[in-house]
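First up is the structure itself, then whatever we jot down about it.
Derivation of every value follows stated rules applied to the coordinates shown; laboratory data play no part. The model shown is predicted, which means the values in this text are computed figures rather than measured ones. Here the Cβ is made from the backbone with ideal geometry for all residues, glycine too, and neighbour counts use every protein chain on show.
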Amino acid sequence: MYKREEASQLRQAFWTTLGQYIAPLPSADGVKVNWLNYKTGLKHVYFRMQADKKFASIGIEITIPDPEIQQLFFEQFTELKFVLHDSLGEEWEWQLHTTDENGKTISRIYKEIAPVNVFNRDDWPQLISFFKPRIISLDEFWSNAKYSFDSLM
């Protein structure tokens, strides 16, 4: 087991390594982007990458506090499901109104891999190979799909 400080340093080292690895890549729109803190331009809609000692995931999280509006956004993504899966080259999991680690109601569209361990440097190539193509594909999808959310804002 790692001490809290060691675990924090290893986790930070991984995200820094991933960030440096993909930072030179421009977005689908040709602009510089912070891949690790991707801005969708929609309040309460995030592209999230997570990794811990058992699994890693990447996904779209909808955290709108009003469950009905959250569902409208989720349904709009559902309308784009074929386009999203086509961009990603794979199908993802879809969850309407689930609970996050803080007990907050969210909806999410995501992909996971397991077993992987962010604290094991030997797993980092597998984690980078998991995250990199998917965040780039999400960006390509979002480059066109974001406009279909204009009427919901």
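Tell me the Kirkwood hydrodynamic radius of segment 41-128 in angstroms, computed as one over the mean inverse distance between distinct C-alpha pairs.
Values: mean 1/r = 0.0713 Å⁻¹.
The answer is 14.0 Å.
Across the chain, the relative contact order, built from alpha-carbon pairs under 8 Å that are at least six residues apart, equals 26 percent.
Sort the following peptides by mean Cβ neighbour count (other Cβ atoms within 10 Å, averaged over residues), highest first: 23-36, 66-79. Could the numbers behind the result be given before it?
Details: 23-36: 12.6, 66-79: 14.7.
Result, highest mean first: 66-79, 23-36.
Shown here for segment 95-153: GluC sites (Glu not before Pro) in loop regions (DSSP other than H, G, I, E, B) with at most 11 other Cβ atoms within 10 Å, namely Glu101. Rg and Dmax over the alpha-carbon atoms of the chain stand at 15.9, 49 Å. Measuring against 24 Å, Cα to Cα, the residue pairs Lys3/Lys104; Lys39/Lys104; Lys111/Lys132; Lys39/Lys81; Lys3/Lys132 contain Lys3/Lys104; Lys3/Lys132 as the ones spanning a longer distance. Couplings for segment 101-114, taken from phi via the Karplus curve 6.51 cos²θ - 1.76 cosθ + 1.60 with θ = phi - 60°, read 5, 9, x, 8, 6, 9, 10, 8, 10, 8, 9, 10, 10, 7 Hz in order; Gly and Pro are left as x. Taking amide H positions as modeled 1.01 Å from N, with prolines and chain starts lacking one, the residues under 5 Å from Val116 and 5 or more places away or on another chain are Phe55, Ala56. Spin-label pair Ala28-Glu6: with each label point 7 Å from Cα along the Cα-Cβ axis, the two points sit 4.2 nm from one another. For segment 41-49, the Karplus equation 6.51 cos²θ - 1.76 cosθ + 1.60, evaluated at θ = phi - 60°, returns couplings of x, 10, 4, 6, 10, 10, 9, 10, 10 Hz by residue, with Gly and Pro reported as x.
On the beta carbon distance between Arg121 and Asp150, with R0 = 41 Å, the FRET formula returns roughly 0.40.
So which trypsin sites (Lys or Arg not before Pro) in segment 72-128 pass both tests, a DSSP loop state and at most 12 other Cβ atoms within 10 Å of the Cβ? Don't skip to the answer; put the middle values down first.
Working: sites: Lys81, Lys104, Arg108, Lys111, Arg121; in loops: Lys104.
Qualifying residues, ordered by number: Lys104.
In order along segment 68-76, the Karplus-derived 3J(HN,Hα) couplings, from 6.51 cos²θ - 1.76 cosθ + 1.60 at θ = phi - 60°, round to 5, 6, 4, 5, 4, 5, 4, 5, 5 Hz, and Gly and Pro are given as x.
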